[in-house]
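Participant: Mind having a look at this structure? Questions to follow.
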Amino acid sequence: MSHALNIYLDHFGLHERPFSLVPDPEFIFWSPVHERAYAMFEYGILTRAPITLITGEVGAGKTTLLHHLLKSLDDDLQVGLISNAHGTRDELLRWVLQALEQQVPPGADYVALFGQFEELLIKRYSEGRRVILVFDEAQNLSRESLEELRMFTNINSHKDELLQLLLVGQPELRDKVRHPNLTQFAQRVASSFHLPSLDSAMVKDYVDHRLKVAGAKEAIFTTHACNKIFAETRGVPRLINQLCDFSLLYAYTSEKHEVTESIVSQVISDGVFFGGGVVEDDPEGLVSQT
């Protein structure tokens, strides 16, 4: 398989796969909306917003932006990254403490866990550091968990912020936050942004950008091919990556050095692109994605 992949790359003059599904900050495509989303990430942190909320369609690039942000943060911040947290409030606290590299005593109850968490925040504050908890896939958090997170921010006092929350998730996260039972949570969201999918004009720029980063010396996908890709993916970067990867493979097996609309159509016709039928209402990657 690796030998076949090397031939695939050599055929197009590439040094790595341009359309991998693994989020990779090196491939970030800074469309205007991604620049605004990233600016909102930074704004939330710099202004010490209690809660920053970033949402986006599946595959729109939220996780790629997030990882780029985490790499750029100063040392005076301790970041705990929690993905797909779920369970009771005790379990949520365990997720949080583990993300902050704390040993969690076996059998500790909620009061003990919260005391340990509060003590850590105060200790970091005395060291001149702030703690940021980042929840990826935050749409999976229950309303009870979101309310518990709001309670975490009560540890902050006066003008000093010991803790900030950064929640990243799919569009349904916004719907949850707008629920009447979470009014107090919503009032603490001081920075928010919704990241849409790419429009038709940006898809070719996105495809060409990723190919250039991977070593391409000239455009490989025609304009008509990119228009077809947009029509099938609705501009969702993760789906664009899937369809472009298959299209490169088909062009390679046909000994073509250009991906045309007919090659993309053949991929669709053969049914190897499973993402094509699920985008209508759910238009994650960026730029590289997730």
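Participant: The conditions are (1) touching a strand residue (DSSP E or B) at 6+ places or on another chain (Cβ under 6 Å); (2) part of a helix (DSSP H, G or I); (3) buried (at least 24 other Cβ atoms within 10 Å of the Cβ); (4) not hydrophobic (A, V, I, L, M, F, W, C), and Tyr43 fails exactly one of them. Which is it?
Facilitator: (3) is the only condition that Tyr43 fails.
Participant: Return the only residue of Thr52, Thr64 being of a type in the set (Ser, Thr, Tyr), within 23 Å of Thr153 (Cβ to Cβ) and open to solvent by less than 60 Å² (accessible area, probe 1.4 Å). Steps first, please.
Facilitator: Working: Thr64 fails: within 23 Å of Thr153 (Cβ to Cβ).
Thr52 is the lone residue from the list that is of a type in the set (Ser, Thr, Tyr), within 23 Å of Thr153 (Cβ to Cβ) and open to solvent by less than 60 Å² (accessible area, probe 1.4 Å).
Participant: From Glu148, Glu144, which residue is loosely packed, with under 15 Cβ neighbours inside 10 Å, at pLDDT 90 or above and not small (Gly, Ala, Ser)?
Facilitator: Answer to the selection: Glu144.
Participant: Every residue in region 209-227 that is open to solvent by less than 50 Å² (accessible area, probe 1.4 Å) and either over 16 Å from His34 (Cα atoms) or in contact with a strand residue (DSSP E or B) (Cβ under 7 Å, 6 or more places away or on another chain) (or both), please.
Facilitator: Restricting attention to region 209-227, the residues satisfying the condition of being open to solvent by less than 50 Å² (accessible area, probe 1.4 Å) are 210-211, 213-216, 220-222, 225-226.
Selection gives Leu211, Val213, Ala214, Gly215, Ala216, Ile220, Phe221, Thr222, Ala225, Cys226.
Participant: Taking Leu69 and the conditions (1) under 12 Å from the mean Cα position of the chain (by Cα); (2) modelled with pLDDT under 90; (3) not in a helix (DSSP H, G or I), which numbered condition does it fall short on, given that it satisfies the others?
Facilitator: With (1) under 12 Å from the mean Cα position of the chain (by Cα); (2) modelled with pLDDT under 90; (3) not in a helix (DSSP H, G or I) applied to Leu69, the lone miss is (3).
Participant: Out of everything in region 181-216 that is closer than 21 Å to Val58 by Cα and among the hydrophobic types (A, V, I, L, M, F, W, C), what residue ends up being farthest from the chain's Cα centre (by Cα)?
Facilitator: Going through the qualifying residues, I end up with Ala201.
Participant: Next question. Considering each residue of region 119-141, count those that are part of a helix (DSSP H, G or I), exposed (fewer than 15 other Cβ atoms within 10 Å of the Cβ) and of a type outside the set (Gly, Ala, Ser), and give that number.
Facilitator: 3
Participant: Would a scan of region 84-103 turn up a residue that is within 14 Å of the chain's Cα centre (by Cα) and either surrounded by fewer than 17 Cβ atoms within 10 Å (Cβ to Cβ) or over 30 Å from Leu249 (Cα atoms) (or both)?
Facilitator: yes
The values are calculated or read from the model by the stated rules, or taken from the named source; none is laboratory data. Just so it is clear, the structure is predicted and the values come from calculations on it, not from any experiment. Using ideal geometry, Cβ is built from the backbone for each residue, glycine included, and neighbour counts are taken over all protein chains shown. Accessible surface areas use protein heavy atoms only, side chains included; no ligands, DNA or RNA. Shrake-Rupley method; radii C 1.70, N 1.55, O 1.52, S 1.80 Å.
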